[in-house]
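The values are calculated or read from the model by the stated rules, or taken from the named source; none is laboratory data. Every value quoted in this text rests on a predicted model; they were computed, and no experiment measured them. So basically every Cβ, Gly included, is an ideal-geometry build from the backbone, and we count neighbours across all protein chains shown. We work out accessible area using only protein heavy atoms, side chains counted, and drop any ligands, DNA or RNA first. Shrake-Rupley method; radii C 1.70, N 1.55, O 1.52, S 1.80 Å.
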Amino acid sequence: MSRRTLLKGAGVGAFTLASLAVLPRFSTPDRKQDPAACFAPDVSGSDPRFVISNWPEYIDEDDGDVKSSMTLFSERYGIDVSYVADVNDNAEFFAKVVNQLGTCQSTGRDMFVLTDWLAARMIQMGWIQKLDKAAVPNLDRNLLSSLRGADWDPGRDYSAPWQSGFTGIAYNKAKVKEVRTFDELLTRPDLRGRVSLLTEMRDTMGLALLSDGKDPSRFTDGDWDAAIDKIREARGRGQIRSFTGNEYINDLAAGNIVACTAWSGDVAAAEDENIVFVRPDEGMMIWSDNMLVPNLATHQANAQKWIDHYYDPAVAARLAAYVWYVCPVEGAQREMEKIDGSLVDNPLIFPTDDYLRATHQFMALQEFQIRQYEGDYADVSGG
């Protein structure tokens, strides 16, 4: 059984990769740490264990005689994995660990899997340990080129993408003609009152900036003001029905909305032939959930073995066949032919070069920008 089957059975919207919450405010500079000073001795050699916090239903499982990728890891390295599915929301998870991280205390975990913006903030705060690149050769060898050089971790010295996804447009083709641009969502008369945008600021505003011809990875306050004003005006005209989390899929299928900003994995999981994911003409956003080794992790070597294991293309293909999100590992597409040939050419799992050329990442924000931009967006989406 694949993850998308489980999601469909749970009403599709049970879980999502991108957090729906506003980033918690960091207003105390003394919470910053020096990861070189806030570390624990690595006991991996004498204690073959590993504790990871990840999102629910985000890893394949044993199925009869077919062993899961985690079982293969444990058998290969003799490491006992404690896989804890307690990351239901980035901000919620942050609240669980902020006091420990901010005071150089152990979280009891060797790895987190968190979305770009929170991963960036934790790295900025000095809460994440630097990876030993010699211990993760598959990461440098096989990471997709489009995911290299993130602004917040240019050399991927602290992070390794677990899975990725796109933010674009979805529409119900049984209810409305094709929607090709973000501006159509905000202006087309036949869509009025039947459009939803995502509550996640970086996804929606990334598309808004692209629609103005701006680069979401490098924009000015003036660019931001123009983009947010455009959304504010559209909401004032009644064009936008709501700002939502991933519950938009159910509304889209039911016809309560007919077009929206959307995450690629949700559309893939829906298995509804009338719901179409569109790469906007102006481009789309790409994001990742990232593997991070927190300060005071006591099994760093085992965590790095985990990263290297999942950057083996054969292992990555096994995982991708279950979760149905963008696989970040070069070579996994070839390996997928041995697992499920129907998935080999699915662009939402293995995007083409053309698909990837249309993707953009959101700029890493400083503290003052977080307060300003999240506040502006909350005023528009909540008003």
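Taking the criterion of being open to solvent by 30 Å² or more (accessible area, probe 1.4 Å) and either more than 30 Å from Pro313 (Cβ to Cβ) or part of a helix (DSSP H, G or I) (or both), the residues of segment 328-342 that qualify are Gln333, Arg334, Glu335, Gly341, Ser342. Residue-level analysis places Asp345 among those that are assigned to a loop (DSSP other than H, G, I, E, B) and open to solvent by 40 Å² or more (accessible area, probe 1.4 Å). Suppose the filter is modelled with pLDDT under 95 and not acidic (Asp, Glu); does Thr167 pass it? Against the criterion (modelled with pLDDT under 95 and not acidic (Asp, Glu)), Thr167 qualifies. Of all the listed residues (Gly168, Gly155), the sole one being closer than 30 Å to Leu292 by Cα and part of a loop (DSSP other than H, G, I, E, B) is Gly155. Segment 37-129 holds helices (runs of 4 or more DSSP H) entirely within its bounds, and those carrying 2 or more residues that are of a type outside the set (Asp, Glu) and without any contact (Cβ under 8 Å) to a residue 12 or more places away in the chain map to 69-77, 90-102. Is it true that some residue in segment 247-265 is of a type outside the set (A, V, I, L, M, F, W, C), out of contact with any strand residue (DSSP E or B) (no Cβ under 6 Å at 6 or more places or on another chain) and within 27 Å of Ala150 (Cβ to Cβ)? No, segment 247-265 contains no residue that is of a type outside the set (A, V, I, L, M, F, W, C), out of contact with any strand residue (DSSP E or B) (no Cβ under 6 Å at 6 or more places or on another chain) and within 27 Å of Ala150 (Cβ to Cβ). For segment 367-383, a residue qualifies if it is of a type in the set (S, T, N, Q) and open to solvent by 50 Å² or more (accessible area, probe 1.4 Å), and exactly one does: Gln372.
Yes/no per residue for (1) at pLDDT below 95; (2) touching a His at 6+ places or on another chain (Cβ under 8 Å); (3) among the polar types (S, T, N, Q); (4) over 13 Å from Pro294 (Cα atoms):
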position: Phe50; (1), (2), (3), (4): no, yes, no, no
position: Asp60; (1), (2), (3), (4): yes, no, no, yes
position: Ser74; (1), (2), (3), (4): no, no, yes, yes
position: Asn88; (1), (2), (3), (4): yes, no, yes, yes
position: Lys96; (1), (2), (3), (4): yes, no, no, yes
position: Thr107; (1), (2), (3), (4): no, no, yes, no
position: Leu139; (1), (2), (3), (4): no, no, no, yes
position: Gly149; (1), (2), (3), (4): yes, no, no, yes
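Of everything listed in (1) over 23 Å from Asp157 (Cβ atoms); (2) at pLDDT below 95; (3) surrounded by fewer than 23 Cβ atoms within 10 Å (Cβ to Cβ), the single unmet condition for Ala364 is (1).
Of all residues in segment 215-235, those that are more than 17 Å from Val380 (Cβ to Cβ) have Cβ atoms under 7 Å from Cβ atoms of residues that are surrounded by fewer than 19 Cβ atoms within 10 Å (Cβ to Cβ) and of a type in the set (D, E, K, R), 6 or more apart or on another chain, in Ser217/Asp151. Could you say whether any residue in segment 219-236 is within 26 Å of the chain's Cα centre (by Cα), within 21 Å of Asn250 (Cα to Cα), of a type outside the set (D, E, K, R) and open to solvent by less than 10 Å² (accessible area, probe 1.4 Å)? No; the residues of segment 219-236 include none that is within 26 Å of the chain's Cα centre (by Cα), within 21 Å of Asn250 (Cα to Cα), of a type outside the set (D, E, K, R) and open to solvent by less than 10 Å² (accessible area, probe 1.4 Å). Ala253 passes every criterion in (1) within 26 Å of Asn346 (Cα to Cα); (2) open to solvent by less than 40 Å² (accessible area, probe 1.4 Å); (3) part of a helix (DSSP H, G or I) apart from (2). Scanning segment 89-110 for residues that are under 17 Å from Ile123 (Cβ atoms) and of a type in the set (Val, Ile, Thr) yields Val97, Val98, Thr107.
Would you tally the residues in segment 348-359 being open to solvent by less than 50 Å² (accessible area, probe 1.4 Å), farther than 30 Å from Asp63 by Cα and either among the acidic types (Asp, Glu) or in contact with a Ser or Thr (Cβ under 8 Å, 6 or more places away or on another chain) (or both)? Give the derivation first.
Step one: filter segment 348-359 for residues open to solvent by less than 50 Å² (accessible area, probe 1.4 Å), giving 348-351, 355-356, 358-359.
Imposing the further condition that a residue be farther than 30 Å from Asp63 by Cα reduces the set to 355-356, 358-359.
Next, from what is left, pick out any that are either among the acidic types (Asp, Glu) or in contact with a Ser or Thr (Cβ under 8 Å, 6 or more places away or on another chain) (or both): 356, 359.
Summing the residues that are open to solvent by less than 50 Å² (accessible area, probe 1.4 Å), farther than 30 Å from Asp63 by Cα and either among the acidic types (Asp, Glu) or in contact with a Ser or Thr (Cβ under 8 Å, 6 or more places away or on another chain) (or both) in segment 348-359 gives 2.
In segment 131-147, the condition of being within 23 Å of Lys32 (Cβ to Cβ), of a type in the set (S, T, N, Q) and open to solvent by 20 Å² or more (accessible area, probe 1.4 Å) is met by no residue. Has segment 267-274 got at least one residue that is over 21 Å from Arg202 (Cβ atoms), free of Cβ contacts under 8 Å to residues at least 12 places away in the same chain, more than 19 Å from the chain's Cα centre (by Cα) and outside any strand (DSSP E or B)? Yes: one or more hits. Under the condition of being touching a Cys at 6+ places or on another chain (Cβ under 8 Å) and either surrounded by 24 or more Cβ atoms within 10 Å (Cβ to Cβ) or on the phi > 0 side of the Ramachandran plot (or both), the residues counted in segment 296-327 number 4.
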